[in-house]
Amino acid sequence: MKSSVLLFCPILLVAHGALAAPATERLSDQASPQQLIAARVEWFGEENPNRPLTDEEFNTVVARAAGVEIRLDTSRFVGEAGRIFLRLPGNIRGLKSANALRMEWKTQGVFAAGTVVAGNRAQIFQGTIPGPLMTDIFDFTMYIDSRDLTEPFSFDPIYEIDLD
């Protein structure tokens with residue numbers, strides 16, 4: 001009986017390892033030329049002044065930051081298959097609620113365009129990591145519920161990688 005248990009344990013360990021979720025690691029963006037980005041801010045209704053606004057739109061501030069170069073240090077993962085994500089922190093200085101911020105972006109093509117709300121992440125890349133530094137130009141648009149602003153808000157986006 002003891003020998004059958006010993007033979008069975010390695011099979012369980014292999015099966016457990018096959019089901020384990022990929023490890024998430026943070027990527028550094030310290031090589032990006034701008035570490036502090038100032039955004040152009042306007043009320044949502046300024047884009048369409050003649051259109052009636054919903055209550056949510058009436059209270060929405062739009063902040064735009066165009067042409068932001070993001071450089072991610074992927075040197076430890078060159079040649080590996082993986083997925084890269086952009087995460088917004090759940091607690092953002094200057095906002096009472098994580099639900100008060102939604103961020104969208106467009107890119108020039110290395111990374112995918114997308115949208116994310118505070119406290120979540122969105123996939124921006126899937127494939128083989130091509131080199132030690134992955135670079136793209138982002139145009140960010142942030143939608144902020146002004147009712148949740150307590151002071152000028154600030155946050156650091158988080159870039160993460162999951163290896164396949």
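Have a look at F77, F58 and point out the one that is without any contact (Cβ under 8 Å) to a residue 40 or more places away in the chain and over 14 Å from the mean Cα position of the chain (by Cα).
Result of the check over F77, F58: F58.
Since V68 meets every condition but one in (1) of a type in the set (V, I, T); (2) farther than 22 Å from I144 by Cα; (3) assigned to a strand (DSSP E or B), which condition does it not meet?
(2)
Here are some conditions: (1) of a type in the set (D, E); (2) within 18 Å of D29 (Cβ to Cβ); (3) surrounded by fewer than 12 Cβ atoms within 10 Å (Cβ to Cβ). D55 meets all but one. Which one does it not meet?
Going through (1) of a type in the set (D, E); (2) within 18 Å of D29 (Cβ to Cβ); (3) surrounded by fewer than 12 Cβ atoms within 10 Å (Cβ to Cβ) one by one, D55 breaks only (2).
Among the residues in the range 36-45, are any surrounded by fewer than 17 Cβ atoms within 10 Å (Cβ to Cβ), modelled with pLDDT of 95 or more and either among the aliphatic types (A, V, I, L, M) or under 27 Å from P130 (Cα atoms) (or both)?
no
Identify all residues within the range 129-164 that are farther than 17 Å from R87 by Cβ, outside any strand (DSSP E or B) and either touching a Pro at 6+ places or on another chain (Cβ under 9 Å) or not polar (S, T, N, Q) (or both); write none if there are none.
Those that are farther than 17 Å from R87 by Cβ, outside any strand (DSSP E or B) and either touching a Pro at 6+ places or on another chain (Cβ under 9 Å) or not polar (S, T, N, Q) (or both): I129, P130, G131, P132, R147, D148, D164.
Taking the conditions exactly as written (surrounded by 15 or more Cβ atoms within 10 Å (Cβ to Cβ), touching a Lys or Arg at 6+ places or on another chain (Cβ under 7 Å) and of a type in the set (D, E)), does D145 satisfy them or not?
no
Here is a list of conditions, (1) more than 27 Å from S146 (Cα to Cα); (2) at pLDDT 95 or above, and R87 meets all of them except one; can you say which number that is?
Among (1) more than 27 Å from S146 (Cα to Cα); (2) at pLDDT 95 or above, the lone unmet condition for R87 is (1).
Just to be sure I understand the filter: pairs with C-beta atoms under 7 Å, separated by 6 or more residues or on different chains, first member in the range 132-160 and modelled with pLDDT of 90 or more, second member among the acidic types (D, E) and assigned to a loop (DSSP other than H, G, I, E, B). Which pairs pass?
These pairs meet every condition: Y159/D29.
Could you please give the count of residues in the range 74-128 that are touching a helix residue (DSSP H, G or I) at 6+ places or on another chain (Cβ under 9 Å), crowded, with 17+ Cβ neighbours inside 10 Å and in a loop (DSSP other than H, G, I, E, B)?
Number satisfying all stated conditions: 3.
In the range 26-42, what residues are under 23 Å from P152 (Cα atoms), part of a strand (DSSP E or B) and in contact (Cβ under 8 Å) with a residue 24 or more places away in the chain?
R40
The values are calculated or read from the model by the stated rules, or taken from the named source; none is laboratory data. Everything quoted here is computed from the prediction, not taken from an experiment. Cβ sites come from the backbone with ideal geometry, for glycine too, and all protein chains shown count toward neighbours.
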